1. Of the residues 73, 28, 97, which is within 30 Å of residue 182 (Cβ to Cβ) and in contact (Cβ under 8 Å) with a residue 12 or more places away in the chain?
2. Does at least one position in the stretch 91-102 carry a residue that is aliphatic (A, V, I, L, M), at pLDDT below 95 and touching a strand residue (DSSP E or B) at 6+ places or on another chain (Cβ under 9 Å)?
3. Determine, yes or no, whether residue 125 is among the acidic types (Asp, Glu), surrounded by fewer than 20 Cβ atoms within 10 Å (Cβ to Cβ) and without any contact (Cβ under 8 Å) to a residue 40 or more places away in the chain.
4. Would you call residue 110 surrounded by fewer than 21 Cβ atoms within 10 Å (Cβ to Cβ) and under 29 Å from residue 159 (Cα atoms)?
5. Of the conditions (1) at pLDDT below 95; (2) not in a helix (DSSP H, G or I), residue 7 satisfies every one except a single condition; which number is it?
6. Could you grab me the full set of residues in the stretch 81-95 that are surrounded by fewer than 20 Cβ atoms within 10 Å (Cβ to Cβ) and under 20 Å from residue 12 (Cα atoms)?
7. Taking the condition part of a loop (DSSP other than H, G, I, E, B), among the hydrophobic types (A, V, I, L, M, F, W, C), assigned by TED's automatic domain parsing to the domain that holds residue 115 and under 28 Å from residue 148 (Cα atoms), does residue 41 pass?
8. Which of the residues that make up the stretch 65-80 are part of a loop (DSSP other than H, G, I, E, B) and surrounded by 13 or more Cβ atoms within 10 Å (Cβ to Cβ)?
Amino acid sequence: MQINNAELEAVNKRFNEELKQQIEGSLSKEHNYKLGNPGNILQSAGIPNFPIELRATRLNDKSMQINHPFDLSEIKNLPQATQNPLAVFISATRIGSYVIMTEIEHEEKNYVVALQAKKQIGSIEINDIRSIHYRNSNAHIANWIDEELLKYVDKKRMSEWFTKQRYNSAEVRKLFGRAAKVIQNFENPKLLEENFLKNNDMNATLLKEAAIDTQLNWESKNEVVSNMRQGLIPANHSNEITYSERVLSELKQIKFAGENISGKTKIETSNDVAFLFRNLESAASENAFVVLHKENGDFNVLYLAT
């Protein structure tokens, strides 16, 4: 499940506390930082929904590299900076990896997080942070944009970033000019929240169904909506007959959880599901189900637990 704002705040707080322990030397060398699952922005850029992790030993090694050493205190609030990037790129050198440009800076040079997506660790998969460092030259970032590696960009913040850049040659100035134009015309992928309903006709249609409205507005509904018609008997496709079918045939209704239910014994639409679940709410024990709605309109109901 993707991380939400409250979870991100907690993850960020925990990261800062553990980072302080590492700086003080009290954090286990075997420790793994947990940065939460990718949020809307990272997932829209193509990063799969697996936990983001960073080994403490790797962070320590990266901070002492000769070409870009840094103080560990500089990467405070790394989870928030990672989940709210200036830009996200696909890696030019490693298939299945991404580079996340953060707003954290070292002497006006931005830190980037190099992430290997969907790395297998034993029986689980994670998004593994393989490197974190600042770029020695921001021209590297402009190059990535010019090379069409961009997957997501915060246009407002990146436009401000371009205004702060300094050029040491006409060639670099032209590079930044091209990159700025790419940013201006770049069309970001739709975020997951926007995709769910606005760009999905099937889901939009489902929301119009009265049964779905019952589920969304549970507390304010006095009556349960169902498409079941009184006395309707399902077609018998075999010589077998269930007890429920016999009761429905003879009595035209069946008592369930204290209420009379009439209608089909087969779930065919979301209205049927809503009707069933509403009755389950009044039962002595609670039952957990998952309803899978397929693109072709079919439903599968999976029982989880009681």
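The values are calculated or read from the model by the stated rules, or taken from the named source; none is laboratory data. Treat the numbers as computed from the prediction; the structure is a model and nothing was measured. Neighbour counts run over all protein chains shown; Cβ positions are idealised from the backbone, glycine included.
1. Answer to the check: 97.
2. There is at least one residue in the stretch 91-102 that is aliphatic (A, V, I, L, M), at pLDDT below 95 and touching a strand residue (DSSP E or B) at 6+ places or on another chain (Cβ under 9 Å).
3. For residue 125, the condition - among the acidic types (Asp, Glu), surrounded by fewer than 20 Cβ atoms within 10 Å (Cβ to Cβ) and without any contact (Cβ under 8 Å) to a residue 40 or more places away in the chain - is not met.
4. It is true that residue 110 is surrounded by fewer than 21 Cβ atoms within 10 Å (Cβ to Cβ) and under 29 Å from residue 159 (Cα atoms).
5. (2)
6. 84 - this is the single residue of the stretch 81-95 that is surrounded by fewer than 20 Cβ atoms within 10 Å (Cβ to Cβ) and under 20 Å from residue 12 (Cα atoms).
7. no
8. Result: 68, 70, 76, 77.
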